[in-house]
Structures are given as C-alpha cells and as structure tokens.
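See below for the structure under consideration.
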Amino acid sequence: MSEINADLFDRVAAGYDEAVPFFETFGRLLVDWVAPPAGARVLDLGAGRGAITRAVAERGIERVVAGDISPEMVERLAVLPGVDGRLLDAQALDLPDGAFDVVFAGFVFSILPQPELAASEVARVLRPGGTLALSVPGPSTDGGWWERYGEIVAEFTDRLDGGAAAGLDPAEAVTEWDAVLARAGLVVVDVHTTEVDLPLDGPDAHWEWLMSHGNRWLHDALGETDRAEFRNRVLRSLDEDHPARGTRLIAGADFFRIERAD
Ligand SMILES: C[S@@+](CC[C@H](N)C(=O)[O-])C[C@H]1O[C@@H](n2cnc3c(N)ncnc32)[C@H](O)[C@@H]1O
C-alpha cells in the first residue's frame with residue numbers, strides 16, 4: 001500500500017500545489033498555530049513539496065528534516081535551502097529515538113493504510129514531552145459539496161475490481177484520532193478547525209485541482225469510459241451543488257496539537 005502512495009504522489013509531484021496554494025495555505029496556518037520555538041528539531045513527515053517545511057524555515061528554525069515516501073517529492077524537498085530531505089515511510093521510520101522536539105504531519109495520517117503504525121513511530125522519534133502537529137480534512141462551509149463529492153467517489157470506486165482496496169485505501173474513516181493516538185502514548189491537548197476559501201478560474205480549474213493531489217488515485221484507476229463519466233459527474237455536481245459553482249476552493253481541516261506523554 002505504501003508503494004501505491006509513492007507511485008501516486010510521484011505522478012502528481014511536478015504540478016503539486018502550483019495552480020492553487022491549498023497545501024501552502026494550510027501548512028502556514030498549522031505552523032502559525034503550533035508556533036514551534038526557535039532551536040526546535042523539527043520533522044515534517046509526508047512533507048510533499050514542503051509547504052510546512054518552508055513555513056517552519058521562515059521562522060528561523062534551522063534543523064528541519066523533511067521526509068516523504070515519494071522519490072519525486074523528496075527530489076524537490078532536497079533542493080530547499082537548509083533542508084535535510086529524505087525518503088522515508090511514516091509507518092516505519094528510519095530515524096533515531098527521541099530525535100525531534102516537534103513533528104508535523106500535514107494531511108498525511110488520513111491517507112495512510114495503518115495510521116496507528118505512524119503514531120507509534122512518531123511517539124518513538126519524539127522526545128518525551130515533544131509535540132506532534134497533525135492536520136486532517138475537516139468540515140467547511142461548502143454547503144455539503146464535499147459530501148456530495150464523496151458520494152460520487154464511492155460510486156465510482158465500487159466500479160473498480162476490488163473496490164477501495166484497489167487504490168488509495170485511506171484511513172479517512174478514522175474519526176476518533178484521539179483513540180488512535182492514545183494507543184501510541186500520544187495525548188491530544190488542543191484541536192482547531194479552520195478552512196480555506198481560495199479563488200479558482202472556474203469548475204474546470206476546480207476539477208484540475210482535485211486531480212492534482214491524492215484525489216487523483218480514482219481517476220487513474222478507472223477505465224477510459226468511467227473516467228470521462230467521473231469527470232462529468234464531478235463537474236455537474238460543482239454546477240448544481242457547490243455554493244460558488246466551482247469558482248472557489250472551499251475546504252476545511254482539523255488541526256490537532258498532541259504531546260508525547262513522558
Ligand atoms: C496530501 S500530501 C500532503 C503533503 C504536505 N504535508 C503538505 O501539507 O503539503 C501527502 C504526502 O504524504 C506522502 N506520503 C504518503 N504516504 C506516506 C508514507 N507512508 N510515508 C511518508 N510519506 C507518505 C505523499 O507522498 C504526499 O507527499
């Protein structure tokens with residue numbers, strides 16, 4: 001399953017977050033909310049193109065490891081000034097115990113097949129009392145459009161041989177993050193729900209954005225006919241159900257500030 005994530009994010013890495021600064025905006029919001037202290041040793045887990053890494057570095061923090069399972073992402077992370085970009089699997093970290101004061105994981109746990117393994121690994125590489133900052137998709141003032149999109153995704157996923165197991169089989173069903181984290185000795189100390197509302201050129205740009213990150217897995221897994229129908233259905237739902245008819249990207253996130261118990 002980790003290979004599926006690596007292949008998927010390799011395919012989207014070149015254009016990732018370039019047309020619309022979605023991850024960039026949320027990354028900055030998360031870093032500002034957590035406000036890691038100067039001198040902190042920071043790990044950005046599942047760093048993608050470095051939205052969080054850049055926001056951390058801009059605070060003058062110099063010891064940043066940015067890791068991802070996608071070689072194409074890591075290639076782009078490694079060229080960021082002062083960043084130690086590494087190929088790694090969040091579920092089996094090749095990093096020493098207690099090496100970090102703060103670990104960020106932006107929109108990563110919710111796409112892992114076994115987030116509980118990542119939670120244990122984060123607990124191991126954090127020093128006692130260290131902080132994990134997590135973001136996962138959350139509610140927004142989208143008029144129910146994301147739910148509608150989820151229904152369309154579920155319908156087309158059912159058309160695949162093997163259903164959801166054929167592709168990115170995310171842990172999006174996990175709603176009790178507190179419980180998953182607690183089993184690894186990680187305690188949620190604060191939760192914050194926020195959203196972004198970003199301009200788009202129109203519904204086609206909305207579709208292109210949807211297909212520019214993890215959501216692309218289903219598009220790529222479908223046959224040609226289903227793929228065209230999937231696109232048409234999403235465009236129709238943007239026209240009929242989206243509060244801005246697809247001309248704005250409205251999406252929410254839940255942020256968790258978590259501490260490793262001593
Ligand atoms: C939705 S993106 C978020 C990227 C970044 N955190 C951000 O906020 O822009 C998820 C990232 O997690 C990476 N990823 C997926 N599975 C992973 C794993 N098992 N270990 C490490 N990274 C993983 C993907 O390659 C991708 O870059």
Check your understanding: How much net charge surrounds Leu77 when only other residues with a Cβ under 12 Å from its Cβ are counted (Lys, Arg +1; Asp, Glu -1)?
Key -> -1
Revision key, fill the gap. P(r) of the range 1-115 over all Cα-Cα pairs, 5 Å bins starting at 0, rounded to whole percent, reads 2, 13, 24, 26, 21, 11, 3, 0
Check your understanding: So how far apart, in nm, are the two label points at Glu18 and Leu235 if each is 7 Å from Cα heading toward Cβ?
Key -> 2.3 nm
Study note, to complete from the structure: In the range 102-252 the DSSP beta bridges are antiparallel at a rate, in percent to nearest 5, of 55 percent
Exercise for review: Using a cut-off of 13 Å between beta-carbons, work out the net charge of the residues near Ala14 (Lys and Arg +1, Asp and Glu -1, Ala14 not included).
Suggested key: -1
Review point. In the range 1-107, what % of DSSP beta bridges are antiparallel (nearest 5)?
Key: 5 percent
Practice item. Give me the angle, in degrees from 0 to 90, between the Cα long axis of helix 2-12 and the longest principal axis of the Cα atoms of the chain, rounded to the nearest 10. Key: 70 degrees
Study note, to complete from the structure: Magnitude of the Cβ-charge dipole (Lys and Arg +1, Asp and Glu -1) of the range 1-115 about the Cα centre, nearest 20 debye, reported as 300 debye
**Study point:** Helical contribution to [θ] at 222 nm, DSSP H n ≥ 4, -39,500 (n - 2.57), averaged over the chain, rounded to 500
**Key:** -11000 deg cm²/dmol
Review point. Binning every alpha carbon pair distance of the range 88-170 at 5 Å from zero, what are the percents per bin?
Key: 3, 13, 17, 17, 15, 12, 10, 8, 4, 0
Review point. Near the amide H of Gly85, under 5 Å away, which other amide H atoms are found, from residues 5 or more places off or on another chain, if H is placed in the peptide plane?
Key: Ala66
Review point. Counting alpha carbon pairs within less than 8 Å and at least 6 residues apart, what relative contact order, in whole percent, applies to the chain?
Key: 22 percent
**Study point:** Cα-derived Rg to Rh of the chain, Kirkwood definition
**Key:** 0.96
Review point. Where does each of 222-232, 126-136, 58-68 land if you order them by average Cβ count within 10 Å, highest first?
Key: 126-136, 58-68, 222-232
Review point. Looking at the chain, what % of its DSSP beta bridges pair antiparallel, to the nearest 5?
Key: 55 percent
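Any read-out appearing in this document is the output of simple, stated calculations on the displayed coordinates, not a laboratory observation. Here the structure is a predicted model, which is why all the values come from computation and not from measurement. Neighbour counts are summed over all protein chains in view; Cβ atoms, including those assigned to glycine, are modelled from backbone coordinates with ideal geometry.
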